[in-house]
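Here is the structure we will look at.
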Amino acid sequence: MTPTATVTFDHTRTPPFSLGNQVDDLQQIEKAAKKINSILDLNQLVDKIVNDVARSFGCVEANIYLHEPDKQEMVLAGVHGCSAHGKGHRLKVGKEGMVGYVASTGQMRYAPDVRKDEYYQACENSTLSEVAIPLQVGNRLIGVFTASHPELDAFSRQQLRILQALCEHVAVAVHNARRFGSERAEREAMDREVQEARIIQQALLPKSSPYMPGFAVSGLTVPARAVGGDWYDFIPFPDGRWGLVLADVSGKGTAAALLMSATRGMLRSLAEACCGPGEVLSKLNGMLVDDFPAGKFVTMVYGVLDPKAQTFTFANAGHLHPLFINGGDARFLNVERGLPLGLGCGDYSECQIILSPGSRLVLYSDGITEAVGTNGEEYGLDRLAAQSMCPAASALSIIDDVRAFANDAVLSDDTSVVFVGVNG
């Protein structure tokens, strides 16, 4: 939130503190602290401080230098009234000007007559007095605040105390703004990386559905986050057959997406070199057992669709049983053997079905069946079967039905479907 009020002080020359003056000053400092601490944009914060202080105290110049520990330099971040230097001007700690001196000592330095001060570096010709105050949080140097005035000995003891007290709050506000800016930059960088990862992952998915006369094949995956561990694939073979894949990597997000990408590449290489789905999964499992981190695994259905023979031969690595609809009868296809990939050694048995006219085959992930409706009930296998029997069923219609069931809520898990329909 950006405050519209200006930080103001009564800069009238006053005698040393009285009790009444102390109360007034504390109230002014408290109001000023609330205003500056509400600003989290660093540039806006330092600009407001130097402009408001200069206006309140009649300064010809006011600056805020920020400390860069790695270079042992002070960098001008907020400037009012200085015609010689702009933002980005640098001074060496301990070597240059009152700013460098204060940065090295951690002590305020007041020059009632800058012409007699050995550390003062001239900027504006009209400047006759200047104060430099360290900005510290604990023992950590944040920066240095300076204020210059066109009169000799322009800052009374009370005004110097006010500025010192204010600088304690300025230090905290600047420290918080820098942390906020750094954390925001990190979040934005992470968001950019996630979006780039999403683009890459989307590019790994099929660009279109296979063209097979007599068959309607479609696929769709919707990650619960920007990227996910579900994926499907259509792998063309030279003889006109197609490899169909639907898989689910354990976990969600970027880690699952990385494992998905690696598994996809391995599977495609093996699918082109091996014969049956069982052999492909056996070899893939052997590779993943050696490469996957402990506790990570992949469930997968991989099968080969032969449009000429009208058969689908598949193996299942611990994935949900494919749904097969034939003549109005819905059943879930099981295989004898098939552990999830990456957990341990094992072999994978195959199953073959005949795809007669009007039959349908559905591969799906648990994000479909475990989607929760508003009443807390899961979508389940029965709803999946009923939706798949609809005349216009497809991968998209199934996921749309799941979303409607969940009342358009954000699905908590990746959801994927591959749908095969045989024309009747």
Sole exception among (1) within 20 Å of the chain's Cα centre (by Cα); (2) surrounded by fewer than 17 Cβ atoms within 10 Å (Cβ to Cβ); (3) aliphatic (A, V, I, L, M) for VAL227, by number: (2)
Hey, ALA224 among the hydrophobic types (A, V, I, L, M, F, W, C), closer than 27 Å to PHE312 by Cα and in contact with a strand residue (DSSP E or B) (Cβ under 9 Å, 6 or more places away or on another chain) or not: no
Hits in the range 61-116 (condition: closer than 15 Å to THR146 by Cα, acidic (Asp, Glu) and surrounded by fewer than 17 Cβ atoms within 10 Å (Cβ to Cβ)): GLU96, ASP113
Subset of the range 48-85 [within 16 Å of ARG178 (Cβ to Cβ) and among the hydroxyl-bearing types (Ser, Thr, Tyr)]: TYR65
The one condition in (1) at pLDDT below 90; (2) part of a helix (DSSP H, G or I); (3) in contact with a helix residue (DSSP H, G or I) (Cβ under 7 Å, 6 or more places away or on another chain); (4) aliphatic (A, V, I, L, M) that ALA165 fails to fulfil: (1)
Yes/no for GLU193 being assigned to a loop (DSSP other than H, G, I, E, B), over 25 Å from VAL75 (Cβ atoms) and either of a type in the set (D, E, K, R) or under 17 Å from the mean Cα position of the chain (by Cα) (or both): no
Residue check for PRO236: over 23 Å from the mean Cα position of the chain (by Cα), closer than 26 Å to GLN352 by Cα and at pLDDT below 90: no
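Each row is one residue, and each column tells you yes or no for (1) acidic (Asp, Glu); (2) in contact (Cβ under 8 Å) with a residue 40 or more places away in the chain.
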residue	(1), (2)
VAL102	no, yes
PRO112	no, yes
GLU118	yes, no
LEU128	no, no
Whichever residue in the range 321-348 is part of a loop (DSSP other than H, G, I, E, B) and at pLDDT 95 or above and, among such residues, is surrounded by the fewest Cβ atoms within 10 Å (Cβ to Cβ): HIS321
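The values are calculated or read from the model by the stated rules, or taken from the named source; none is laboratory data. Everything quoted here is computed from the prediction, not taken from an experiment. All Cβ positions, glycine included, derive from the backbone under ideal geometry; neighbour counts span all protein chains shown.
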